[in-house]
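Engineer: Just passing along the structure, written as structure tokens.
The values are calculated or read from the model by the stated rules, or taken from the named source; none is laboratory data. Keep in mind that this is a model prediction, so the values were computed, not measured. Positions of Cβ are generated from backbone atoms using ideal geometry, with glycine treated the same way; all protein chains shown enter the neighbour counts.
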């Protein structure tokens, strides 16, 4: 009998410990029993895992704001989820312990994306064996469900490779049988992601139609939109491979042309989901908008205002003199006052945990104000899923790595570029320095929390902008490592700046790195 499993954090190794599961738990269906009881089983399985993957790619609680603080996009002294540990300066070493109060930073993305991957395998193995995927009306949607399953695998491997230093490429329902360790590097995981995105695009092209709203009720993409989504995700996640600038340069023209090709086929307009009950909402934006104690719960880091300042006088660290409160930033960017809200109320920020971490700004772009300052889960509320501007930035950055500085500048100077059309900013010079500075600024201002949990952390690491000692990747959670012969390990910390990982990659930003320099 075929068993169906919803994977937990430990399931990957439960499944890899033997060739066949022989559990007779009366509370679980066999796969055959599930299909007999639910003819549209594969359709529902694709829908459930698509909503899971898309929601947690924009996580705003369990791990997303840890990455946001590592990138100095958000600041916090709150010890909920031990967020403060990720904001500390000098940088602290990651605590990869089962007893750690913030362990979900490591366990949650691991669990989420491996679960999604293994459930996508259930679908694809069945289809390879000749089974069909029908919807709740009995309509054959095998190609469409296949496209979503491959998209799920692309997302899973892509985010796992972007976040962790290693993992397991598991393309069978029973996992990596016989493998006791984590043999695959982050590079192999990201490459596996790209391969699955290609398969998703091919399956979508073979489908007569794609209606994503049938799989996640307020996600309004048709076949053409799905293909743009897959290409956009592929560009984002492939670009997220390098751990520092040297690695990004060493990847060479072939690699960055692939990123450019994906981006060229990506979104040209914003992918927005209007909230309905039970539908998608951007979890990072949701938490970023919260006001508590009269001030922002998770403020925008001082970096944001520092980059927007046109006077050259705004500090890159908050004054420790308690009698000093910074005023509003002076900027030419017409977007700034609506995207970020100035306040003199420091909310949950605590001086005994470092006044240097303070900020006078909150994330505010997607706030509807009025009666809804603390939520995006109101019917009709616009929730960003993937912004076209991120695709533009990926195109510009790919051209930068390819040495096409003029082409990169032209992307950023286009009349439709948000910095021009909404910000009213002038053209930048066609120089490497101007392009790099503008890319950094736009990731901080125009993308902010609207990208995914890995933005702008992954952008900053591949451009040597993270503060010294900032981890460039996460370790496999201790509770998973203990099931193998590998030793428990971790990354980061100011004393480990420039340290290298298992594959020779930079695992903690070097002392020559950092936007403050």
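Engineer: Of all residues in the range 216-249, which are over 15 Å from residue 267 (Cα atoms) and not in a helix (DSSP H, G or I)?
Structural biologist: Within the range 216-249, 216, 217, 218, 240, 241, 242, 243, 244 meet the criteria.
Engineer: For the condition touching a residue at least 24 places away in the same chain (Cβ under 8 Å) and over 19 Å from residue 190 (Cα atoms), what is the one hit in 450, 429?
Structural biologist: 450
Engineer: Sort out which residues of the range 327-357 are buried (at least 19 other Cβ atoms within 10 Å of the Cβ) and over 17 Å from residue 288 (Cβ atoms), and write them in order of number.
Structural biologist: 329, 331, 333
Engineer: Okay, next question. I'd like to know if the range 254-266 contains one or more residues that are in a helix (DSSP H, G or I), under 20 Å from residue 64 (Cβ atoms) and in contact (Cβ under 8 Å) with a residue 40 or more places away in the chain.
Structural biologist: Start the filter on the range 254-266 by keeping residues that are in a helix (DSSP H, G or I), which leaves 254-264.
Cutting the leftovers down to under 20 Å from residue 64 (Cβ atoms) gives us none.
The answer is no, given that none of the residues of the range 254-266 is in a helix (DSSP H, G or I), under 20 Å from residue 64 (Cβ atoms) and in contact (Cβ under 8 Å) with a residue 40 or more places away in the chain.
Engineer: Do you know which residues across the range 414-425 are touching a residue at least 12 places away in the same chain (Cβ under 8 Å) and in a helix (DSSP H, G or I)?
Structural biologist: Scanning the range 414-425 gives 418, 419.
Engineer: Only residues that are over 15 Å from the mean Cα position of the chain (by Cα) and surrounded by 24 or more Cβ atoms within 10 Å (Cβ to Cβ): list them for the range 226-241, please. Break it down into steps so the answer makes sense when it comes.
Structural biologist: So in the range 226-241, the residues over 15 Å from the mean Cα position of the chain (by Cα) come out as 226-228, 231.
The one that is over 15 Å from the mean Cα position of the chain (by Cα) and surrounded by 24 or more Cβ atoms within 10 Å (Cβ to Cβ): 226.
Engineer: Let me ask something additional. On the given criteria, is residue 213 assigned to a helix (DSSP H, G or I) and farther than 28 Å from residue 397 by Cβ?
Structural biologist: Spelling it out, residue 213 is indeed assigned to a helix (DSSP H, G or I) and farther than 28 Å from residue 397 by Cβ.
Engineer: Please specify each residue of the range 426-457 satisfying the condition of being within 14 Å of residue 58 (Cα to Cα) and not in a loop (DSSP other than H, G, I, E, B).
Structural biologist: So in the range 426-457, the residues within 14 Å of residue 58 (Cα to Cα) come out as 447-457.
447, 448, 449, 450, 457 - these are the residues of the range 426-457 that are within 14 Å of residue 58 (Cα to Cα) and not in a loop (DSSP other than H, G, I, E, B).
Engineer: With 418, 478 as the choices, which residue is at pLDDT 95 or above, farther than 27 Å from residue 285 by Cβ and over 17 Å from the mean Cα position of the chain (by Cα)?
Structural biologist: 478
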